[in-house]
Amino acid sequence: MAGRLQFPIWPGLAICLLLGVDGTWPQTGQPLDNNSMEGGLQEPEALEVMFELLWAGLELDVMGQLQIQDEELASTRPGRRLRLLLQHRVPRDVEGTEQRLRQFQHLRKGPPLSPLEFEQLVLTGLSCIYRLHAAAEAEERGRWAHVFALLAQETLWDLCKGFCPQDQPPPLGPWAWTLDPFP
């Protein structure tokens with residue numbers, strides 16, 4: 001396992017399971033970036049397929065790229081699609097992740113995210129967990145933890161649209177209010 005970091009994917013799986021409760025996706029929102037959409041990334045995979053791919057586990061290699069651990073699953077069409085998402089739609093550094101977070105925060109007042117946007121939100125949060133675990137310095141870990149907390153709050157905001165009183169999600173904890181720049 002030299003040069004590779006492995007980390008449990010339970011937080012991402014929990015979010016995927018939350019989506020599968022009623023088997024429906026939220027209404028379509030505005031796409032984050034139409035210009036860079038590849039044809040194979042237009043529609044999200046079935047929930048069961050994504051769950052199976054994530055259940056197999058991901059690795060953060062020495063180049064900072066997330067890879068599917070199970071080579072057989074990685075070679076399937078859904079596995080290749082997930083690999084493309086991880087390579088092209090999930091930021092690799094904290095600055096890119098913060099920029100993506102701001103994009104999601106700007107969409108907060110609109111309709112629920114599209115399935116593809118929500119998938120990107122969840123995968124970006126999952127990527128934060130891996131990168132937080134791999135961070136060597138306390139300052140870097142702090143930044144990744146901060147961004148992950150805000151992404152988790154954005155996930156709750158989107159899941160809450162149309163269901164929670166006054167479209168206000170339950171707080172993640174007392175620390176969440178100090179992190180959120182958009183009350």
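The values are calculated or read from the model by the stated rules, or taken from the named source; none is laboratory data. This structure is a prediction, so every number in the text was calculated from the model and none was measured. Virtual Cβ from ideal backbone geometry, glycine too; neighbours counted across all protein chains shown.
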Residues of the range 158-173 satisfying the condition of being at pLDDT below 70 and either at positive phi or aromatic (Phe, Trp, Tyr) (or both): Asp167, Gly173
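Residues that are under 24 Å from Trp157 (Cα atoms): find the helices (runs of 4 or more DSSP H) completely inside the range 68-146 holding 2 or more of those.
Of the helices (runs of 4 or more DSSP H) lying wholly inside the range 68-146, those with at least 2 residues that are under 24 Å from Trp157 (Cα atoms) span 77-88, 94-106, 115-134.
State which residue is nearest to Leu126 (Cα to Cα) when the search covers only the range 152-167 and only residues that are in contact (Cβ under 8 Å) with a residue 24 or more places away in the chain and not in a helix (DSSP H, G or I). First the steps, then the outcome.
Our first condition is that a residue be in contact (Cβ under 8 Å) with a residue 24 or more places away in the chain; within the range 152-167, this holds for 152-155, 157-159, 161-162.
Those left that are additionally not in a helix (DSSP H, G or I): 161-162.
Values: Lys161: 22, Gly162: 25 Å.
Ranking the qualifying residues of the range 152-167, first place goes to Lys161.
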The one condition in (1) at pLDDT 90 or above; (2) part of a helix (DSSP H, G or I); (3) within 19 Å of Leu159 (Cβ to Cβ) that Leu54 fails to fulfil: (1)
Pair list, Cβ < 8 Å and 6+ apart or interchain, from the range 87-103 residues that are free of Cβ contacts under 8 Å to residues at least 60 places away in the same chain and more than 18 Å from Ile129 (Cβ to Cβ) to residues that are of a type in the set (S, T, N, Q) and assigned to a helix (DSSP H, G or I): His88/Ser36
Members of the range 60-84 that are touching a residue at least 24 places away in the same chain (Cβ under 8 Å), crowded, with 17+ Cβ neighbours inside 10 Å and closer than 16 Å to Arg131 by Cα: Leu60, Leu66
